[in-house]
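First the structure, in the form of structure tokens, and then the observations on it.
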Amino acid sequence: MKTAVEPLEGNKVKLSVEIDEQEFEKALDQAFRKIAREVRVPGFRPGKAPRRVLEARLGKEAARQEALRDALPDYYAQAVRDSDVDAIAAPEIDITSGEETGPVAFDAVVEIRPQLKLAGYQGLRVTVPNPEVTEEEIQAQIDRLRNNFGELVPISRPARDKDFLTIDMHGTRHGQSLPGMSSDDFLYELGSGTVIPELDEQLQGGKAGDILKFTAELPDGPVTFQILVKENKEKVLPEVTDEWASEASEFETVEELRADVVRRIALVKRVQAQLALRSQTIEALTELVPEEPPDALVNEELQRRAHDFEHRLQEQGATLPQYLEAVGQTEEELINELRAQAASAVKADLALRAVADAEDIEVSDDDVDAEITRLAERYATKGTKPAQLRRQLERADQLPAVRSDVRKSKALEWLLDRVEVVDEEGHPIDRTVLSAEPEPQGEGEASEVTASPTLAEETETGES
């Protein structure tokens, strides 16, 4: 089989493919065997009539059309692989010769993935949260712990925010008591805004024995409230001492507790900064893409995202109509949202490929093997071994996708090593802080951070 590739306008190419008679003869044989199973020939069992008998009874034309119909997709796929054409849409095929006799030739016009030339990716600058731990953050965390051990103490002064008032609250409408709007001995933190805004306004400056009456506008109509203030207390926090530290934590001293607080905050802030670095770098790179991505790629990514979204809903026992009703969104609005995300993802994909091309980033067989091993570990609960996963990927023709994903990952790492990183005030961030390995975590300290799934991870892992 011979293939010639001709670039066309509109990000398309034309594949001109020629198949000699000897090669096409194999397709004709398969077509006759298929016909033999479908027609009855006197004197022969189904599927056993020889080709010469079928030719004599039916002629070659039917078999030739059958062979063209069945073999052309395979010839096209082989031509795409042989020519290293990165097709992204279905081809338009035109048979130019061989429909009746002789060698077969056809032209296939297909849209290909655009290869971008990005300007400015070497000088990206991204802003991330400063990973340094501040004294205010340390004190705030210790105060939250102190708050858990605070003691409510009665006071006689006027109430103010953060005081705790014991009240009797009764809500009525047209003289009738309303369920859910009345409560006795209700302990309420002033300024919390957990009931209705008017309650906080009325209780400001209140003292024990005060009786307050006011009307509040609620979504279902006005409600008249009567409030009796029975007691006012303030929360007194414990002193920060070694004795308190040993009671409030597993540490014996304030110094040890403080060191643990610093470590925990630093871990969280470092992870947040690392995630922001990746996301902001990709976003900054995407903004360099000078044109809108091809509809074929966006639609494919949109379908994948819509499928994943619906699958997640099913896992949670919900349906799409239920979700739309819960969030107050129409199906069209959801699709538009997913389409915008898909377009951004496609831009990022094209941009990373462009960086990999410009910087001659290569992927070795060892890199691919390591990625397959990583994927197999991800599917460890399903009993998938690396060799088994490789066979599945080969059957699904997904090994090139794995190699491409690894190459894009290496391109992103190349960018992350070179991008200028600053905090919200424009001050440079020390990369050693970002790259520092987290200390061993206790239970519940931080969530696992995982990379986005690769194309290979979307391949079905069950043996077929």
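The values are calculated or read from the model by the stated rules, or taken from the named source; none is laboratory data. Worth saying up front: this structure is predicted, and the values here are computed from it rather than measured. A quick note on method: Cβ atoms are made from the backbone with ideal geometry, for glycine too, and the neighbour counts reach across all protein chains shown. Surface accessibility is based on the protein's heavy atoms, side chains included, excluding ligands, DNA and RNA. Shrake-Rupley method; radii C 1.70, N 1.55, O 1.52, S 1.80 Å.
Structure summary
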{"read-out": "222 nm mean residue ellipticity, helices alone, for the chain (DSSP H n ≥ 4; -39,500 (n - 2.57); rounded to 500)", "value": "-15500 deg cm²/dmol"}
{"read-out": "Placed amide H near ILE429: partners under 5 Å, 5+ positions off or other chain", "value": "VAL421, VAL422, ASP423"}
{"read-out": "Restricting region 234-286 to GluC sites (Glu not before Pro) in coil, as DSSP defines it, with at most 12 other Cβ within 10 Å", "value": "GLU239, GLU250, GLU252"}
{"read-out": "Portion, in percent, of the accessible area of the chain that falls on carbon or sulfur, probe 1.4 Å", "value": "48 percent"}
{"read-out": "Shape category assigned to region 186-229 from the gyration tensor of Cα positions, a/c cut at 1.5", "value": "oblate"}
{"read-out": "Probe 1.4 Å, protein heavy atoms only - accessible area per residue of the chain in square angstrom", "value": "61 Å²"}
{"read-out": "Calculated Cα extents along the principal axes in Å (choose from [x] 73, 51, 38; [y] 72, 70, 43; [z] 111, 61, 45), label", "value": "[z]"}
{"read-out": "Selected from ASN336, VAL363, LEU415, residue furthest toward positive end of dipole (region 308-427; charges at beta carbon)", "value": "VAL363"}
{"read-out": "Most positive-pole-ward Cα, GLY317, LEU178, VAL153, against dipole of the chain from beta carbon charges", "value": "GLY317"}
{"read-out": "Prolate/oblate/rounded label for region 145-273 (Cα gyration tensor, a/c 1.5)", "value": "prolate"}
{"read-out": "Formal net charge of residues neighbouring LEU416 (Cβ-Cβ distance under 14 Å; K, R +1; D, E -1)", "value": "+1"}
{"read-out": "For the chain, size of Cβ-based charge dipole, Lys and Arg +1, Asp and Glu -1, in debye", "value": "2160 debye"}
{"read-out": "Projected area averaged over orientations for region 220-369, convex hull of C-alpha atoms, nm²", "value": "20.6 nm²"}
{"read-out": "Over region 49-202 - Rg/Rh using Cα atoms and the Kirkwood inverse-distance radius", "value": "1.56"}
{"read-out": "Label-reachable residues, region 221-252, where backbone N falls under 13 Å from a point 7 Å from VAL153's Cα toward its Cβ", "value": "233-239"}
{"read-out": "Over 18 Å between alpha carbons, listed pairs LYS26/LYS60; LYS14/LYS347; LYS2/LYS26; LYS213/LYS233", "value": "LYS14/LYS347; LYS213/LYS233"}
{"read-out": "Loop-resident sites, region 378-438, for GluC sites (Glu not before Pro), counting at most 10 other Cβ within 10 Å (DSSP)", "value": "GLU424, GLU425"}
{"read-out": "Estimated vicinal HN-Hα couplings, Hz - region 135-141 in sequence order (Karplus 6.51, -1.76, 1.60; Gly, Pro = x)", "value": "4, 5, 5, 5, 5, 4, 5"}
{"read-out": "Magnitude of the charge dipole, region 98-230, Cβ model with Lys/Arg +1 and Asp/Glu -1, debye to 20", "value": "500 debye"}
